[in-house]
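First the structure, in the form of structure tokens, and then the observations on it.
The values are calculated or read from the model by the stated rules, or taken from the named source; none is laboratory data. Predicted model only: the values in this text are computed from it and were never measured. Positions of Cβ are backbone-derived with ideal geometry, glycine not excepted, and every protein chain shown enters the neighbour counts.
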Amino acid sequence: MKIGIMGGTFDPVHNGHLILAEAALMQYHLDTVWFLPNGHPPHKQQNTIECTIEDRIHMLELAIAKQPSFGLELYETQKTDIAFSADTLEYLARTHAKDHLYFIIGGDSLMTIESWVRPEDIFRYSTVLATYRNELNTKEGLIRQISHLTERYRGDIRLFETPILPISSRELRRQIRSGQPVSGMLPPEVEAYIRKKGLYGARDSLSL
């Protein structure tokens, strides 16, 4: 089975995440994409994550409920220490030895992946799928980076194109907190959950 792995804090999950996962699924004929919420991500201070892991998991469940090819992998949320991608991919490669893992990341992450813990193991245990927008300079830079990483780590690194989507979890949190509408940026079920729970400073009267 061809399994896509897409990690993140998903604070909150939004339509950009879903479109990215769908693009990887379709362009590389994956059997499934697993969303991998972080419990203790290495690249973010814990106090910058606004929602509990329980709320973030539930929002993901709501977001992917209607897409049978999407699933949840909760390995990192069950760890009490920092979750490194290399460790997670090693674990998944061991527990799913007959499957092929595809690690889905943004092009910006590919440019900095050598600063991650044990990047050689990321390439050892997975094919890396890096997303890019159809911008000439961006693609040329990524192609040069792929050439460098392939030579150094002997990894299998591939690009896939996604539309330009000006959506970020950070900006969504800001808009919700300030009372601005975010309709169309989140799955309706996630919007309703945020409003019901008052997450990110959402008020009961707020029309998301």
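Yes or no: Thr88 assigned to a helix (DSSP H, G or I), over 20 Å from Val13 (Cα atoms) and not hydrophobic (A, V, I, L, M, F, W, C)? Reasoning before the result, please.
Values: assigned to a helix (DSSP H, G or I): yes; over 20 Å from Val13 (Cα atoms): yes; not hydrophobic (A, V, I, L, M, F, W, C): yes.
Considered against the rule, which asks whether it is assigned to a helix (DSSP H, G or I), over 20 Å from Val13 (Cα atoms) and not hydrophobic (A, V, I, L, M, F, W, C), Thr88 comes out as yes.
Only residues that are under 27 Å from Tyr28 (Cβ atoms) and either in contact with a strand residue (DSSP E or B) (Cβ under 7 Å, 6 or more places away or on another chain) or among the charged types (D, E, K, R) (or both) were counted in the range 144-188, giving 15.
For Glu90, the criteria (1) within 18 Å of Ile5 (Cβ to Cβ); (2) surrounded by 14 or more Cβ atoms within 10 Å (Cβ to Cβ); (3) touching a Gly at 6+ places or on another chain (Cβ under 8 Å); (4) not β-branched (Val, Ile, Thr) hold in every case but one, which is (3). Looking only at residues in the range 81-102 that are free of Cβ contacts under 8 Å to residues at least 40 places away in the same chain and of a type in the set (A, V, I, L, M), the one that is farthest from Val117 (Cα to Cα) is Ala97. Close contacts from the range 118-143, counting a first residue that is within 21 Å of Arg154 (Cβ to Cβ) and a second that is modelled with pLDDT under 90 and outside any helix (DSSP H, G or I), with Cβ to Cβ under 6 Å and a gap of 6+ residues or different chains, come to Leu142/Tyr132. Here the range 36-58 is the region considered, the condition is being more than 24 Å from Gly198 (Cβ to Cβ) and crowded, with 17+ Cβ neighbours inside 10 Å, and the residue that is modelled with the highest pLDDT is Leu36. Might you check whether a residue that is touching a helix residue (DSSP H, G or I) at 6+ places or on another chain (Cβ under 6 Å) and of a type in the set (S, T, N, Q) occurs anywhere in the range 149-169? For the range 149-169, residues touching a helix residue (DSSP H, G or I) at 6+ places or on another chain (Cβ under 6 Å) and of a type in the set (S, T, N, Q): present. State whether one or more residues within the range 66-81 are within 14 Å of the chain's Cα centre (by Cα), in a loop (DSSP other than H, G, I, E, B), under 30 Å from Glu189 (Cβ atoms) and not hydroxyl-bearing (Ser, Thr, Tyr). Yes: the range 66-81 contains one or more residues that are within 14 Å of the chain's Cα centre (by Cα), in a loop (DSSP other than H, G, I, E, B), under 30 Å from Glu189 (Cβ atoms) and not hydroxyl-bearing (Ser, Thr, Tyr).
Of all residues in the range 21-54, those satisfying the criterion of being touching a residue at least 60 places away in the same chain (Cβ under 8 Å) and over 18 Å from Ala65 (Cβ atoms) are Ala23, Ala24, Gln27, Tyr28, Leu30, Pro42, Glu50, Cys51.
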